[in-house]
Structure formats: structure tokens, C-alpha cells
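Novice: Quick one: this structure, given as C-alpha cells, is what I'll be asking you about.
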Amino acid sequence: MKHLFLTIASAFLSLAAFANHPDSVYVRPDVQNGTRSFQIAYSIDKVHWTHVNCTLFDSDYGTWGSEKKLFHPVLSYDGKTYRSVFIPNLKNGQIAITESEDFALWTPQDYPYISSDSEFQQIVETQERVSKTNVIRIPYEGLQNLFNKQLRADQNNAFERDDFLGATDVLKKNAKSINATIKVNMNDVKDISPDLMGIFFEDISYAADGGLYAELIQNRDFEYTADDHRGWDAKTAWKLEGNGTTWSIETSAPIHKNNPHYSVLKTTTPGAKLINEGWDGITLQKGKKYNLSLFTKGAGALRVSLVSDGKSLASTTLKATKEWKQQKFTITSSASADKASLVIEPLEASNIDLDFISLFPQETFKGHPNGLRKDLAEVIADLKPRFVRFPGGCATHGQGIDNIYHWQATVGDLWERQPDMNIWSYHQTRGLGFFEYFQFCEDIGAEPLPVLAAGVPCQNSWKGGAGQQGGIPFEKDLNGKPSPYSYMGKPLTMESYLQELLDLIEWANGDPKTSALAQIRAKAGHPKPFNLKYLGIGNEDLIGETFLKRYRFIIEGIQKAHPEITIVGTVGPFWEGSDYEYGWREAKEKHIPIVDEHYYNSINWYFHHRDFYDDYDRQGTKVYLGEWASKGNNVINALMEAAYLANVERNADVVVMSSYAPLLAKEGHTSWNPDLIYFNNKEVKPTVNYFVQRAFGQNAGDKYVHSDLQASFTSTNGKLTFQSDNLRNYIDKSVVIDSQTGDLIIKLVSILPIETDINIDLGEETLKGYSTTAHLTVMAGDDNPKNERDWRINENQTLTVGNTFSVKVPAYSFSVIRINKNKK
Ligand code: AHR
């Protein structure tokens, strides 16, 4: 665990302090050009050099793989600050700069542009020359700090290798019984966040378009492009079959400038069909109603049908209108089908323009038009999330500045919204836009948590130059020149971007009587305010100068205009490292109320870091654990997540929100694994991890009750002993009170290989006014939690409880005991 590591580290430090070493050493770069890691060699006499097998820092420039490189690195030290300058690549005209106070932790890198090619060339030449002979003298302490960093990395690697289930195998072979006692101290209670459990929604792996968003027609507006996905264009997902009709894509007279492409069918003799394949086919249910709509312009008649295996299951006919007009129909499917298609047939010689061809099941979640897929939304709602974070993830800061998410482009009439490429290599219709997100939050009783870019795109962007280092420009940096960036025809600067964020608050919370923005919301069907309380700024960004300048500008602007809004900041993509450290420094210095931590780690990491939040400062900035998951969907993953969550709940006075990520993934279109819920057109497939999240969501509390655990075991041969301390690593517990109901909730996670008897001592008189029959939910694995994908779930057990009572928890299980307060 973290503390164990710290003890080892300080032991090393004190040993080193007595060792016979000089006060200072020589250091020089010892690295191949074009690699990612900056390594060094050191020398005592400047003659004999020792390579240091640790990384000073990695190049963090640009996109993964091809760009994160360094050339000609040079080190310097002015007696206070270490500094390194390197060339990230020889083509973009940028240099990279990073600094350190201790030679171990380096600042997030900055990549300033050099104004002219010749100056850049000169810098490259100087760097190349200097790096070859670059030797500096540094205090020995710097080297020691670097060794300590490596020690920490080694310790983590050891954790990663540690087969913690190995110990349980020994237990399994030798244990006759295992017993534990949990002593609950009802006098030791602290307030915890009632909003700990929420969800992270991002349009990744077809989560929105083709997923939760119930639209059944793919590329309904002919706006797909090769930017969305290599090889795609305005005709993707459509095909023309038969003769007598020509089909072209035009842009000269669109319905709206934000949707420039539309289809033109010119028919001489009827017989051809324009066919849409839907999202892996259109799934229909017998007897169900579907809302069909399309814009037409021109002259002539059409038939629109839903066809499966050559059979028409529903159809309607229509006449094109002279000007663009949306025509709407309700059609009923005469049979169920897995892979139907939508077929448009000209019925006469005609000339017809078509756009925005849409098909929705009438039955959406809560019956909203332009709504959400009911089965998926219901499974999400069952998680009882207290908040929904949207629209990403990386989808929010985007692939280059042009792809930064603009909420205003996602509200209003569908054909006025601006579709865009999706960083996950497909297309965002923005049909599921901010109005729909807010509405969904309201429907499921969750707070909306929009997270928007901090004026910089994804630091790993491959588009738009060198990643986020080209942040949105400030007007003053443009020297009167127009911004090279725009969205929906408006020039984009940091000033306009801040205004856009302020407008979001006004749109969500304003009064339609006095606010034009609030009128847009009211027109969409929600005159009452949405009561937006949180706004996330940034998504796991590189905390360099480009970012900080924009982040501060945005946060100051929002706090000044809307002090009632709680800002959620960002601290990088990992649980450690320079973005994490410098993100936290910024948060503390600027009193940012909450920051968003992200980590996707192994089960071993979680096993060894259940105390991760124990030493977090309780004052000031709180944590939103916004993206986390262990790497897998097996029972052992869910079990470790339950164990970790029990400890996060114990620390929910500092971790005020959390969300597993990602939430959804469509089979066959998954760009990230693991996910919480998989689905296809017909089925929703919650994972074992889902049931853990759901149990925590449905059994959340707002008061944490301290408890102590002791465990013992008897071996079959009476010889083998297993320390209570060691056994304790395999059992986690959390006791909370839900003040709204008064219920007392006990969660028990057992990573032990055999059934365990747990004695629970609530202390005298605790259960006065409580039911003596508790509700017990148990999810258990079988013999091999590393390979199983399903829980055995029993949600409807009862348990007789008193001030002391016992419960048998199965091997590899997660149990929730809910003791109801008697209603008055
Ligand atoms: O959850 C998937 C991705 O992981 C998110 O988009 C991003 O924020 C993180 O790197």
C-alpha cells in the first residue's frame, strides 16, 4: 500500500544520507535521438560515466506513437532550477521546454513556436552541437531524487507483478474456517458526499449515435465525411439500387447552412431504390410504431418503406413539396426484424431533393421525441446516478482546435445543429445535444455535469498542428488579425469561448422572460431552469503554460460572473506524474473547488492503493474521480472495484463524486475496453462491474460510520497461521447511513476463497427503531474470479439482524446489507 511504500522510500533515503557520496556529480544526456525517454549518465570525475537506468522525463509532445519523441536534449542548472530544452521534431518549428526543482519531478512541457524557419534551423543546430558536449554539475541530492523516483516506479512495478490471489490459494488449501468481526462505532460518524456515485457519458464506441440516441437512420443528413472516418463520405450507409434514377449529393440550396449536403434523385423511369442500412441494420419490433420524417423539395411522388428480407414491413407514400418541407408519418411494423433497411422509391418520373431522413421508435425513454433508447436508458437509470458527466472525455476537448465541442452547436432544431467528426473516428450528429443531456439528467434525478474544453484540444491530437499547444487564440495575441478558427460561422477566440461558457449557464438557468438564451431552452420545451450547479473545465489536459493561461482565464471569468457555479478542474490523465502534481498545485493555489482525477489501472494497483485517499488534505479542493476502472470485465475486476469503492466511500468526505468510465460500448464498434455496459441493436449487456456500481448507487449514504475489522482463520492441520493484518487485506467493508430514509447500510467485499463468517457488532441500542429483518443482496463469483464474466446474484435475501448478528459471505463476493429504519 501507499504507506508501506513510503516507509521503504524513507528507509532508502536515510541510508543514502549516510552513504559515502560526493556533494555534487556531473550529469550529461545519454539518449538516442528520436526516442521518447530522456535518460542521463553521471560521473564523479567527468571521465568515467555510469548510465542511469531511469527516465528523467518522457517527451509528451503531440499524438501517441509517432510524435512523442525527443531530439538533441540539453540540460542546464542555475543553482536553483534544472531546465531542459529539446526539439520534439524537426518539421513543426517548435522547441520543448521543461523545468524541475528537484531533478525528479519535471513540469508539464511547453512547446513554443519559433517565429521563423531560419531561427528554428539555428536553434536545432545549436541544440545538436551543445547536446553532444552537454555536461552539468548538480548537487548529489538531485541524483538521489531521481533514484527515489525510480524506487517508487519499481515499487509500483512490484505491485503490478504481485499475484495477490496467490495468497488466497494457500488459504484455500489450508483453511478450515475464516471468521471476521466488524465492530461498528455508531459514535464515530462523519459526513460524506451524497453525490458520490454518478456516470461518465461520452460518445465513444457508438455510445450516442448508433447507441443511446434512438435515431435508427445512419447518416440521415448526408453529412458524413472522410474526416469522420477514412473512406467515408456523404453517401456512406446509403446505396442506390436499380435503374432509371441518378443520385447525387448537392450543396447549393441546403435546408440550413450548418447541414450543407443533401441528396438529389432524378428519375426518368421508376424502379430504383435509395436504401439506408441503419446502424448494423434497423431493428424493428412487431406492432410497434415508428416516427418517420424527412425533408423533401421538388416534384414527384415517393414511397418510403421498412424492408426486411425483401418484404415490406411498413410503408407510406408522399409527394415532394415545392420548397423544403419536413413531412412526418407514423408507421407500424407488421413484423419484428433484426436487420431491416429503409427504402425510398421514386414512383414516377421526378426530380426530388431529400435531406434529414429520420426514423425513431415512438417508444423512447420517457416518451420524448428525438429521444433515447428506452432499454439502454433504463439500465443506466437503474444505476441511480447522482450526476451525469457529459459529453466526454476526449470528445469534449476534441481532435485539434476545430473539433473542440461547442454546446451551442448542439441545441435548437436538429438541422440547425452543427455535426462534427468524432475523435473516436466516427461522426457526431449532435442529435443527442445539450438539451437532451440536460433532459436525461432531469428524467433520472441526476445533476448535470457538463465538462467543456479549457480552450485547448486533446494533448494527443494528430490534427491541427502540434496537439493542444495551439490553444484557442486570445484576441490580443492576434494583433487585430482575424482568428483562424471559427464554429457555426462565428470567429473563435478565448474571449468568445468564455462567453460561450457563460451563455451555457444562462441557457440552462436563465429566465425566458428576460433572457434570449433561456428562450431557446423554453422553445425546446423546458421553460423552467435546469438548475445547473457544476461546470467541468478541461479534460485530463497537459498542464503546461498554454493550458494554464486559458484555464485561469476561463475559471476567473466564470467565478466572477457566476460564483454560484461549482467549477470542476482537471489534474491530468494519471494518478501521479507532472500533470497530476502541477494540476493539484494549481487547484490548491487558486482554490478550485473540485478537480477531476483519472486512472485506469490494474487490479493489482487497486489492491495496493485502497488507502490512496487516506492522506488527502480534507481542507480545500475536493476530488471528482471522473474516470476510473480496473482493466477488465471479469469477476476479479468487479470485486477489486467494489473493494476500492468501499474505501473511496470511506473517503467520501474528500472524494465527492466518482464515475466509472466509459459507460457504454456497442458490440462491433468498441474503441475502448473495458466498458460498463455493452449493447447491440437488440440487447443490453451489463457487465459484472455494472452491478457493483449499481449496488453502490442504490445503497449510497451521506454519513460514514467508522468500523474496525479483525479476522482469524483455523487451518485444517492446525499449523498454518495467517495474520489478521494479512487477512484484512482480503475483506473490505463500509458502513453508511442514508439520512433520507434513515437506513443503515453495510457493504462487505470478500476476496477470500472460502465462505467467511462475519460477526457484526453494532453496539448497544443501535438498532432501536430499525427493522430486525434486513435486506441482503449478494453477488458472488465461483472458483476462478480471474476468468468468470458473471456474478451469481441474489438480490432478494433477508437477514435477521440485531445489535450483534452474523452473516456468511460466500467466496469472492460483494454483499450489501440494508437495515431499514422503521417508518413513523
Ligand atoms: O474514457 C475513455 C477516454 O479515456 C476518455 O475519453 C479520456 O478522457 C480518457 O483518456
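Novice: Consider Asp188 carefully, then state whether it is at negative phi, among the charged types (D, E, K, R) and either in a loop (DSSP other than H, G, I, E, B) or crowded, with 24+ Cβ neighbours inside 10 Å (or both).
Specialist: On the way: at negative phi: yes; among the charged types (D, E, K, R): yes; either in a loop (DSSP other than H, G, I, E, B) or crowded, with 24+ Cβ neighbours inside 10 Å (or both): no.
Here the answer is no, as Asp188 does not meet what is asked.
Novice: For Cys394, all conditions in the list (1) open to solvent by 20 Å² or more (accessible area, probe 1.4 Å); (2) hydrophobic (A, V, I, L, M, F, W, C); (3) away from the ligand (no atom under 16 Å from the Cβ) hold save one; what is the number of the exception?
Specialist: (3)
Novice: Looking only at residues that are in contact with a helix residue (DSSP H, G or I) (Cβ under 7 Å, 6 or more places away or on another chain) and part of a helix (DSSP H, G or I) in segment 404-434, which one is nearest to Leu517 (Cα to Cα)?
Specialist: Filtering segment 404-434 for residues that are in contact with a helix residue (DSSP H, G or I) (Cβ under 7 Å, 6 or more places away or on another chain) and part of a helix (DSSP H, G or I), the one nearest to Leu517 (Cα to Cα) comes out as Gln408.
Novice: Going by the conditions given, is Asp102 closer than 21 Å to Tyr26 by Cα and part of a loop (DSSP other than H, G, I, E, B)? Before you say what the answer is, go through the steps one by one.
Specialist: On the way: closer than 21 Å to Tyr26 by Cα: yes; part of a loop (DSSP other than H, G, I, E, B): yes.
When the stated conditions are applied, Asp102 passes them.
Novice: Which residue is nearest to the ligand (Cβ to nearest atom), if the candidates are limited to segment 666-693 and must be among the aromatic types (Phe, Trp, Tyr) and over 19 Å from Arg373 (Cβ atoms)? Give the steps one after another, and end with the answer.
Specialist: At the first step, the residues of segment 666-693 found to be among the aromatic types (Phe, Trp, Tyr) are 672, 678-679, 690-691.
Narrowing the set further to residues that are over 19 Å from Arg373 (Cβ atoms) leaves 672, 691.
Working: Trp672: 5, Phe691: 20 Å.
In this case the residue turns out to be Trp672.
Novice: What are the residue pairs meeting all of these: first residue in segment 612-624, first residue of a type in the set (Asp, Glu), second residue modelled with pLDDT of 95 or more, Cβ atoms under 7 Å, and 6 or more apart or on different chains?
Specialist: Asp614/Asn651
Novice: Right, Ala587: open to solvent by less than 10 Å² (accessible area, probe 1.4 Å), assigned to a helix (DSSP H, G or I), within 30 Å of Glu649 (Cα to Cα) and out of contact with any helix residue (DSSP H, G or I) (no Cβ under 6 Å at 6 or more places or on another chain) or not? Lay out the reasoning, then the answer.
Specialist: Values: open to solvent by less than 10 Å² (accessible area, probe 1.4 Å): yes; assigned to a helix (DSSP H, G or I): yes; within 30 Å of Glu649 (Cα to Cα): yes; out of contact with any helix residue (DSSP H, G or I) (no Cβ under 6 Å at 6 or more places or on another chain): yes.
It is true that Ala587 is open to solvent by less than 10 Å² (accessible area, probe 1.4 Å), assigned to a helix (DSSP H, G or I), within 30 Å of Glu649 (Cα to Cα) and out of contact with any helix residue (DSSP H, G or I) (no Cβ under 6 Å at 6 or more places or on another chain).
Novice: Check every one of the strands (runs of 3 or more DSSP E) wholly within segment 675-716 and list those with 3 or more residues that are under 22 Å from Arg386 (Cβ atoms).
Specialist: 703-715
Novice: Of everything in segment 260-292, what is within 23 Å of Thr225 (Cα to Cα) and small (Gly, Ala, Ser)? Give them in sequence order.
Specialist: Within segment 260-292, Ser263, Gly278, Gly281 qualify.
Novice: Leu625 passes all but one of (1) within 27 Å of Trp575 (Cα to Cα); (2) in contact with a strand residue (DSSP E or B) (Cβ under 8 Å, 6 or more places away or on another chain); (3) more than 16 Å from the ligand (Cβ to nearest atom); which number fails?
Specialist: (3)
Novice: Inside segment 279-324, can you point out the residues that are among the aromatic types (Phe, Trp, Tyr), more than 26 Å from Tyr206 (Cβ to Cβ) and part of a strand (DSSP E or B)? Break it down stepwise before answering.
Specialist: Taking segment 279-324 first, the residues among the aromatic types (Phe, Trp, Tyr) are 279, 290, 295, 324.
Filter once more, keeping what is more than 26 Å from Tyr206 (Cβ to Cβ): 324.
Hits for segment 279-324: nothing passes.
Novice: In segment 94-103, how many residues are of a type outside the set (Ser, Thr, Tyr) and open to solvent by less than 10 Å² (accessible area, probe 1.4 Å)? Before the answer, list the steps.
Specialist: The initial filter retains those residues of segment 94-103 that are of a type outside the set (Ser, Thr, Tyr), namely 94-97, 99, 101-103.
Filter once more, keeping what is open to solvent by less than 10 Å² (accessible area, probe 1.4 Å): 94, 96, 103.
Residues that pass the stated criteria total 3.
Novice: Applying the selection to segment 276-296, what residues are open to solvent by 70 Å² or more (accessible area, probe 1.4 Å) and farther than 19 Å from Ala237 by Cβ?
Specialist: Scanning segment 276-296 gives Gln285, Lys286, Lys289.
Novice: While we're looking at this one, here's another question. Starting from segment 26-40, take each residue that is of a type in the set (Lys, Arg) and list its partners that are part of a strand (DSSP E or B), counting only C-beta distances under 6 angstrom and pairs at least six apart or across chains.
Specialist: So the pair list comes out as Arg28/Ala41; Arg36/Asp58.
Novice: From the list Thr81, Thr63, pick out the single residue that is at pLDDT below 95, closer than 24 Å to Tyr113 by Cα and of a type in the set (Val, Ile, Thr). Can you show your working first?
Specialist: Numbers: Thr81 fails: at pLDDT below 95.
After applying the criteria, what remains is Thr63.
Novice: Moving to a separate point now. Which is open to solvent by 70 Å² or more (accessible area, probe 1.4 Å), modelled with pLDDT of 95 or more and part of a loop (DSSP other than H, G, I, E, B), of Asp790, Asp782? Write out each step before concluding.
Specialist: Working: Asp782 fails: modelled with pLDDT of 95 or more.
Criteria check complete, one pass: Asp790.
The values are calculated or read from the model by the stated rules, or taken from the named source; none is laboratory data. Only a predicted model underlies this, so the values are computations on that prediction, with no experimental measurement involved. Don't worry about glycine lacking a Cβ; one is built from the backbone with ideal geometry, like all the others, and counts go over all protein chains shown. Each accessible area value is taken on the protein alone, full model and side chains, heavy atoms only, with ligands, DNA and RNA left out. Shrake-Rupley method; radii C 1.70, N 1.55, O 1.52, S 1.80 Å.
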